[in-house]
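Engineer: First, the structure itself, so that you have it in front of you.
All of the numbers you see were taken from the coordinates with simple rules; none came from a lab. Since the model is a prediction, treat every value here as computed from it, not as a measurement. Because the Cβ atoms are built from the backbone with ideal geometry, glycine has one as well, and the counts that use them run over all protein chains shown.
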Amino acid sequence: MRTKAILITGANGEVGHGLIRYLAERGNMPPVIVLDIRGLDDAIRPYVWETKVGDILDTALLDTLINEYEIDTIYHLAALLSTHSEFNPEQAHRVNVQGTVNLLRMAAEQSRLRGQDVKFMFPSSIAIYGLPDLETKAAAGAVNEDLFNAPTTMYGCNKLYCEHLGRYYAFHYRQLAVSDEPYHVDFRAVRFPGLISALTMPTGGTSDYAPEMLHAAAAGKPYACFVRPDSRIPFMAMPDAIKALLTLAQAPTEQLTRRVYNVTSFSPTAAELRDITVSAFSNAQIRFEPHQKRQAIVDSWPADVDDSAARADWGWNPDYDLRAAFDDYLIPTIAERYQVK
Ligand code: AKB
């Protein structure tokens with residue numbers, strides 16, 4: 001008998017840390033196995049059943065996983081983020097797209113073997129949007145899922161294509177195969193805004209200026225923000241990102257009118273993030289030194305997204321608005337982490 005398990009890829013990333021902690025605290029869950037290109041961080045290792053150190057491009061490794069475990073849910077979090085991907089776009093394509101294809105194929109094979117659905121949870125991103133200029137961005141306001149799907153980064157292209165791949169594997173996979181093999185990939189995706197965690201620092205994202213600013217202030221270090229003060233994109237506190245993933249994962253299929261959903265919480269300008277950070281850490285040293293090319297990426301992302309479909313279909317509702325995110329989650333947790341009095 002194979003052990004029933006949940007598989008998390010990219011477990012060492014920010015969302016992985018938050019998800020593993022939450023699943024452990026909630027308890028009564030199938031064992032969690034993780035697959036990451038490097039060993040699991042000490043902080044979360046106690047919470048997982050087994051750590052597989054390996055590459056999502058290693059299909060032989062993925063095949064051993066479904067021989068060893070009966071995987072019923074996959075949280076595919078492994079990815080190279082937007083800034084990192086611009087320095088090696090072809091490597092980003094391999095990891096972000098071929099890696100996702102490998103996991104989707106594995107999910108399809110697992111679903112055939114077990115004769116039941118395999119849930120495939122996929123973190124997409126506001127990076128799939130591409131607003132052509134600031135005037136259009138200002139006029140567009142909160143953008144719904146079907147508008148401005150014209151990404152300007154390799155990461156955004158990867159995420160948009162993987163949304164389509166997820167639907168293909170869920171509804172059309174091997175549709176012309178002679179044998180009528182039953183595949184049951186239950187693909188579901190949320191388009192995350194910028195995420196802000198109190199416990200971890202992001203690596204290689206273009207929305208990273210928000211967490212970087214906050215963590216630098218708490219650590220008493222100066223910070224040069226790489227976007228203009230007026231730059232506005234949607235953000236979310238990490239606990240709400242975990243809540244969105246898990247709520248969508250548990251939503252009855254018949255409630256879903258789509259498989260890719262916007263979710264968001266608040267859309268501050270960089271200046272508003274500076275102000276709320278300085279109000280919490282009075283010795284914060286934050287200046288603005290816009291990086292023209294990273295600024296152009298942020299300017300192409302929407303100022304806000306319309307998450308009414310998620311609210312209507314599966315009851316999405318964030319716990320933290322901007323004030324609560326800072327007062328109830330970020331400041332107390334970060335102050336403790338950096339021993340700020
Ligand atoms: C990034 O900045 O690349 C990510 C994202 C917005 O998906 N944080």
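Engineer: Averaged over every viewing direction, what's the projected area of the C-alpha convex hull for segment 224-341? Give it in nm², one decimal, please. Could the numbers behind the result be given before it?
Structural biologist: Working: hull surface 33.7 nm².
That works out to 8.4 nm².
Engineer: Gap in Å between the Cα centre of segment 144-198 and the Cα centre of segment 281-300?
Structural biologist: 31
Engineer: Where does the charge balance sit around S279 when Lys and Arg score +1, Asp and Glu -1, over other residues with C-beta under 14 Å from its C-beta? Mind showing how you got there, number by number?
Structural biologist: Working: positive: R274, R323; negative: E272, D275, D327.
Result for the neighbourhood of S279: -1.
Engineer: Using a Debye calculation, one point per C-alpha and no hydration shell, please list log10 I(q)/I(0) for segment 69-170 at q = 0.20, 0.22 Å⁻¹ in order.
Structural biologist: -0.98, -1.09
Engineer: Quick one: putting +1 on the C-beta of Lys and Arg, -1 on the C-beta of Asp and Glu, what dipole do you get for the chain around its Cα centre, in Debye to the nearest 20? All intermediate terms of the calculation are to be shown ahead of the outcome.
Structural biologist: Working: 32 positive and 42 negative charges, 63 e Å.
Around 300 debye, computed over the chain.
Engineer: Still on this structure, please answer the following. If you average the sequence gap of Cα pairs under 8 Å that are 6 or more apart and divide by the length of the chain, what percent do you get for the contact order? Walk me through the numbers on the way to the answer.
Structural biologist: Working: 664 pairs, mean separation 61.9, N = 341.
Once divided by the residue count of the chain, the mean separation gives 18 percent.
Engineer: Per DSSP helix of 4 or more residues, -39500 (n - 2.57); summed, then divided by the residues of the chain. What does that give at 222 nm, rounded to the nearest 500?
Structural biologist: Details: 13 runs with 132 residues, N = 341.
After summing the helix terms and dividing by the residues of the chain, the value is -11500 deg cm²/dmol.
Engineer: Now a separate question. Could you give the C-alpha radius of gyration of segment 1-82 expressed as a fraction of 2.2 N^0.38 Å, taking N as the number of residues it contains? Kindly include the intermediate steps, with their values, before the conclusion.
Structural biologist: Values: Rg = 12.0 Å, N = 82, 2.2 N^0.38 = 11.7 Å.
The value comes to 1.02.
Engineer: Would you mind ranking S300, S124 so that the residue whose beta carbon has the fewest other beta carbons within 10 Å leads the list?
Structural biologist: Details: S300 25, S124 22.
By the 10 Å Cβ count, ascending: S124, S300.
Engineer: Could you give the semi-axes, largest first, of the ellipsoid that matches the chain, computed as the square roots of 5 times the alpha carbon gyration tensor eigenvalues and rounded to whole Å?
Structural biologist: 33, 23, 18
Engineer: Order these by the 10 Å Cβ neighbour count, fewest first: F120, F281, F87. Display every interim value, and only then the final one.
Structural biologist: Working: F120 28, F281 21, F87 11.
With the sparsest Cβ surroundings first, the list reads F87, F281, F120.
Engineer: Order these by the 10 Å Cβ neighbour count, fewest first: F288, F171.
Structural biologist: Working: F288 17, F171 12.
Least crowded to most crowded, the residues run F171, F288.
Engineer: So what's the net charge close to T51: Lys and Arg +1, Asp and Glu -1, counting the other residues with Cβ under 12 Å from its Cβ?
Structural biologist: Details: positive: R38, R45, K52; negative: D36, D41, D42, E50.
Combined, the nearby Lys, Arg, Asp and Glu give -1.
Engineer: When the chain is modelled as a GNM with alpha-carbon springs shorter than 10 Å, which of A241, A127, A224 fluctuates the most?
Structural biologist: Comparing A241, A127, A224 in the GNM, the peak value goes to A224.
Engineer: Moving on. Once Lys and Arg get +1 and Asp and Glu get -1 on their Cβ, which of G115, I37, L246 lies farthest toward the positive end of the dipole of the chain?
Structural biologist: Of the listed residues, the answer is I37.
Engineer: Could you bin all the Cα-Cα distances of segment 1-146 into 10 Å bins starting at 0 and give me the percent of pairs in each, rounded to whole numbers?
Structural biologist: Histogramming segment 1-146 at 10 Å steps yields 10, 37, 31, 15, 6, 0 percent.
Engineer: Something else now. Dividing the Cα convex hull volume of segment 86-237 by residue count, how many Å³ per residue is that?
Structural biologist: Working: hull volume 22.0 nm³, N = 152.
Each residue corresponds to 145 Å³ of Cα convex hull volume.
Engineer: Enumerate the amide H contacts of S207 below 5 Å, restricted to partners 5 or more residues apart or on another chain; note that Pro and chain-start residues carry no placed amide H.
Structural biologist: So S207 has HN proximity to no qualifying residue.
Engineer: So which chymotrypsin sites (Phe, Trp or Tyr not before Pro) in segment 1-56 end up in coil per DSSP with only 14 or fewer other C-beta atoms within 10 Å? The partial results should precede the final answer.
Structural biologist: Details: sites: Y22, Y47, W49; in loops: W49.
Loop-located and lightly packed - W49.
Engineer: Taking every DSSP beta bridge that has both residues in the chain, what percent is antiparallel when rounded to the nearest 5? All intermediate terms of the calculation are to be shown ahead of the outcome.
Structural biologist: On the way: 2 of 39 bridges.
Within the chain, antiparallel bridges account for around 5 percent of the total.
Engineer: If you average the sequence gap of Cα pairs under 8 Å that are 6 or more apart and divide by the length of segment 197-297, what percent do you get for the contact order?
Structural biologist: 45
Engineer: Further question on the same structure: Using just the alpha carbons, could you tell me how many Å³ per residue the convex hull of segment 81-133 encloses? Display every interim value, and only then the final one.
Structural biologist: Details: hull volume 4.8 nm³, N = 53.
Normalising the Cα hull of segment 81-133 by residue number yields 91 Å³.
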